[in-house]
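Undergrad: Here it is, the structure, as structure tokens.
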Amino acid sequence: MNNFFLIVCIALLSSCSQLPKSRDETIERVLQKVRPGLEKILLQESPLNHPEKSTYPLVQKFSGSPFVARETIRSLFTYDSKGHLVLSPGDYVFPVMAYCMNSSASSPAGHIYSLSKLEGKRAKIIRELNLLAPAKYFADEIQMLSWSLQNGLSYEELGKSGQEMVDSVLPHYKSELKESVLTQIERKWNQASDLSAGMLPSFNESAENLEDELGELGKRIREMREFRERLREFGYDYVQLSELIDTAARSEVRGGTAWSKISHNVYGRFITEGSFGEIGYLQVRVLSTNSGREINSADDKQEVLDLVSLLANPNSNDIQPLSFSPLYGIAGTVTLTPALSRHPLAGALLLAAVLSAKYIDWDAFFDLQDLLQDTNDRDVKKEIDRGMQALSKEHDKLEKPLKEAGIISGKSKNTSDKKNGEVREYTKDGGEEQLQKDFDKLPGKSIKSKTDGVEYKAYPDGTRIVKAPKKTGEKPRDATLEVQPISHSGIDSDIRIKVRYP
């Protein structure tokens, strides 16, 4: 801050002998003199930097086979603990939800973008919002909080909905949101104004001159003020605020989308036919570290890509930059959105990602199956068939100890009636007496649960076989012998083998 005062004072003193007689001319001359210092200091408070400041180098093409999106459906990837993608050499397509990063510029459908890096004082907060929030919140809720963060609002100004989201997914940033960016800028400006003995007008008095005299910086300050006013007018209403952004016209840009060189061996490009609030695709090619050209070498080391730190750069001040949330997120979280039904490629990619995970999240698979059940897309149907085959193998594995103990056989009739087939069921006569006989046939020591008293037998691989007695009353239940799979944190699966004893 001392440097800021020094810049202002030197500029003022050096111009005193040449100041015009008119107060308006004096203000204009002073603003011109201090503009470089103001921009340097005040830009440090900018929530987001202009994408042109962090754009990646462009290449129109590189050596190797053509990039074909539909041939990448089973490309494997993982996330590290920080939410970075860990990728082996190969081609990848990641379906993403796009958020607009300017609360006033237009967002035409089908625009062609390059890639930049998300930078600015609040970039790390917005990055974590895009990474963590889709597991708990809808896209419009994320967009509302993103707009508020972009425009420098404080925690208190976010309103109840925004505050709840911060408390839920960004609690460690509350201290950084204690004061609004406008308040910080205004305080620094007014401190300089006081030192100038009135030669530099106060922040509020300078409002009409900001855009003309401070260029892009002044425009951003005015945009932040206008957004705050719109919030006061409309409240925390996504529909009202989103209607202020033009998405009707298609982009006039023609031609192919160039690749951005994100790192030495990683190239990416963003492809979309829509605008913000729509699904787009981040295409990625990871080159071999051996030759820099060939891919799919088993000996190559993996590369790291921070997808949520990327920004779609429109290369135009009149059009929105876009940020992203991957629809298949950290810890295997799948973001379900009705828009998926209009994007079969995205659906196929998500299904493939779920089925390629170390632990298949069957709940996510069945949710996707329900959402995409009416599509005729060949790739979606292929992935659903692959999933059902994997489910059948999972059931076969779970029922193996029952067959080995002679409790069921290949002639036992499958009586399953659940919609998605999570549970494979069998029915045996004999009631609780037969249940006890069958339970005794199973190897292992019987353990009684301390919580509900139910008996079970545990196996080294984590599988449990539970003996549940008949239940009467408000929610009656047949006596059952139930095989439960290995438990895994974060996966709530209903996959089961049940033998009912009515």
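The values are calculated or read from the model by the stated rules, or taken from the named source; none is laboratory data. Here the structure is a predicted model, which is why all the values come from computation and not from measurement. Using ideal geometry, Cβ is built from the backbone for each residue, glycine included, and neighbour counts are taken over all protein chains shown.
Undergrad: Can you tell me how many residues in segment 437-455 are over 13 Å from residue 401 (Cα atoms), modelled with pLDDT of 90 or more and touching an Asp or Glu at 6+ places or on another chain (Cβ under 9 Å)?
TA: Residues flagged as over 13 Å from residue 401 (Cα atoms), modelled with pLDDT of 90 or more and touching an Asp or Glu at 6+ places or on another chain (Cβ under 9 Å) within segment 437-455 amount to 2.
Undergrad: If residue 421 satisfies every condition in (1) out of contact with any His (no Cβ under 9 Å at 6 or more places or on another chain); (2) free of Cβ contacts under 8 Å to residues at least 60 places away in the same chain but one, which is the exception?
TA: (1)
Rundown of residues vs (1) basic (Lys, Arg); (2) out of contact with any helix residue (DSSP H, G or I) (no Cβ under 7 Å at 6 or more places or on another chain), yes/no style:
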{"site": "53", "(1), (2)": "yes, yes"}
{"site": "76", "(1), (2)": "no, no"}
{"site": "83", "(1), (2)": "no, no"}
{"site": "86", "(1), (2)": "no, yes"}
{"site": "93", "(1), (2)": "no, no"}
{"site": "120", "(1), (2)": "no, yes"}
{"site": "130", "(1), (2)": "no, no"}
{"site": "137", "(1), (2)": "no, no"}
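Undergrad: When residues of segment 114-172 are filtered for being closer than 19 Å to residue 48 by Cβ and in a loop (DSSP other than H, G, I, E, B), how many remain?
TA: Qualifying residue count for the region: 11.
Undergrad: Say we look at segment 450-502 and pick out the residues that are of a type in the set (S, T, N, Q) and in a strand (DSSP E or B); which of these is nearest to residue 429 (Cα to Cα)?
TA: Across segment 450-502, the extreme among qualifying residues is 480.
Undergrad: Quick check, is residue 421 outside any strand (DSSP E or B) and more than 38 Å from the chain's Cα centre (by Cα)?
TA: no
Undergrad: Looking at residue 91 and the list (1) modelled with pLDDT under 90; (2) surrounded by fewer than 23 Cβ atoms within 10 Å (Cβ to Cβ); (3) of a type outside the set (Val, Ile, Thr), which single condition is not satisfied?
TA: (1)
Undergrad: Name every residue in segment 49-85 that is closer than 20 Å to residue 326 by Cβ, in a loop (DSSP other than H, G, I, E, B) and not polar (S, T, N, Q), in order of residue number.
TA: Listed by number, the residues that qualify are 56, 67, 73, 74, 76, 80, 82, 83, 84.
Undergrad: Name, by its number, the condition in (1) in contact (Cβ under 8 Å) with a residue 40 or more places away in the chain; (2) surrounded by 13 or more Cβ atoms within 10 Å (Cβ to Cβ) that does not hold for residue 429.
TA: (2)
Undergrad: Now for a separate question. Do any residues in segment 471-494 that are on the phi > 0 side of the Ramachandran plot have Cβ atoms under 9 Å from those of residues that are modelled with pLDDT of 85 or more and not in a loop (DSSP other than H, G, I, E, B), where the two are at least six apart or on different chains, and which pairs are they?
TA: Once the first residue is on the phi > 0 side of the Ramachandran plot and sits in segment 471-494, its partners that are modelled with pLDDT of 85 or more and not in a loop (DSSP other than H, G, I, E, B) give 490/332.
This table checks each residue for (1) in a helix (DSSP H, G or I); (2) surrounded by fewer than 23 Cβ atoms within 10 Å (Cβ to Cβ); (3) of a type in the set (Asp, Glu).
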residue: 347; (1), (2), (3): yes, no, no
residue: 359; (1), (2), (3): no, yes, no
residue: 363; (1), (2), (3): yes, yes, yes
residue: 366; (1), (2), (3): yes, yes, no
residue: 370; (1), (2), (3): yes, yes, yes
residue: 374; (1), (2), (3): no, yes, yes
residue: 384; (1), (2), (3): yes, yes, no
residue: 390; (1), (2), (3): yes, yes, no
residue: 394; (1), (2), (3): yes, yes, yes
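Undergrad: Hey, can you tell me all the residues within segment 406-426 that are surrounded by fewer than 12 Cβ atoms within 10 Å (Cβ to Cβ) and among the hydroxyl-bearing types (Ser, Thr, Tyr)?
TA: 409
Undergrad: Would you tally the residues in segment 431-449 being in contact with a strand residue (DSSP E or B) (Cβ under 6 Å, 6 or more places away or on another chain) and part of a loop (DSSP other than H, G, I, E, B)?
TA: Number of matching residues: 3.
Residues checked against (1) at pLDDT below 75; (2) within 26 Å of residue 114 (Cα to Cα); (3) basic (Lys, Arg):
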site: 184; (1), (2), (3): no, no, no
site: 199; (1), (2), (3): yes, no, no
site: 206; (1), (2), (3): yes, no, no
site: 265; (1), (2), (3): no, yes, no
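Undergrad: Answer with yes or no whether residue 340 is farther than 17 Å from residue 74 by Cβ and not in a helix (DSSP H, G or I).
TA: no
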